[in-house]
Amino acid sequence: MKIVNASFTVRPGWQPYYEHFIEEMVERSRQENGNVSYDHYKKMDVGNEYEIIEHWADDEALETHKQSASYKEFWRGIGHYVKTEPTVTVLDH
């Protein structure tokens, strides 16, 4: 299993726009083959920090996700909402 953690710091005041942007991408990613779970969280006590935690069945599922339209759309659009480049960590389980 592959686990992906992605952390984001959203520009102050842009949270509602970011949340709208990310909502559809999360739903589409959950429907992909090999997705075990895909969740989006807002960090407690920090109004503009978010985390995406993804679980993929295997390398192939993760690589297929990286070729998906929602993944490519995410990386094209995320720069509008965040203060800095997202931090992404991939783990084996």
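The numbers here are math on the coordinates, done by the rules we state, and not lab data. The structure displayed is predicted, hence computed values, not measured ones. Note that each Cβ is placed from the backbone with ideal geometry, even for glycine, and that neighbours are counted across all protein chains shown.
Every residue, every condition in (1) surrounded by 15 or more Cβ atoms within 10 Å (Cβ to Cβ); (2) hydrophobic (A, V, I, L, M, F, W, C); (3) part of a strand (DSSP E or B), yes or no:
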{"position": "VAL4", "(1), (2), (3)": "yes, yes, yes"}
{"position": "ASP45", "(1), (2), (3)": "no, no, no"}
{"position": "THR64", "(1), (2), (3)": "yes, no, no"}
{"position": "SER70", "(1), (2), (3)": "yes, no, no"}
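Conditions tested, residue by residue: (1) aromatic (Phe, Trp, Tyr); (2) not in a loop (DSSP other than H, G, I, E, B).
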residue	(1), (2)
THR9	no, yes
PHE21	yes, yes
MET25	no, yes
GLU32	no, no
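Of all residues in the stretch 47-57, exactly one satisfies the criterion of being in a loop (DSSP other than H, G, I, E, B) and either at positive phi or of a type in the set (A, V, I, L, M, F, W, C) (or both), namely ALA57. The set of residues from the stretch 24-43 being surrounded by 15 or more Cβ atoms within 10 Å (Cβ to Cβ), over 13 Å from ALA6 (Cβ atoms) and polar (S, T, N, Q) comprises just one member, ASN35.
Among residues that are within 18 Å of GLN15 (Cβ to Cβ) and under 12 Å from the mean Cα position of the chain (by Cα), TYR50 is included.
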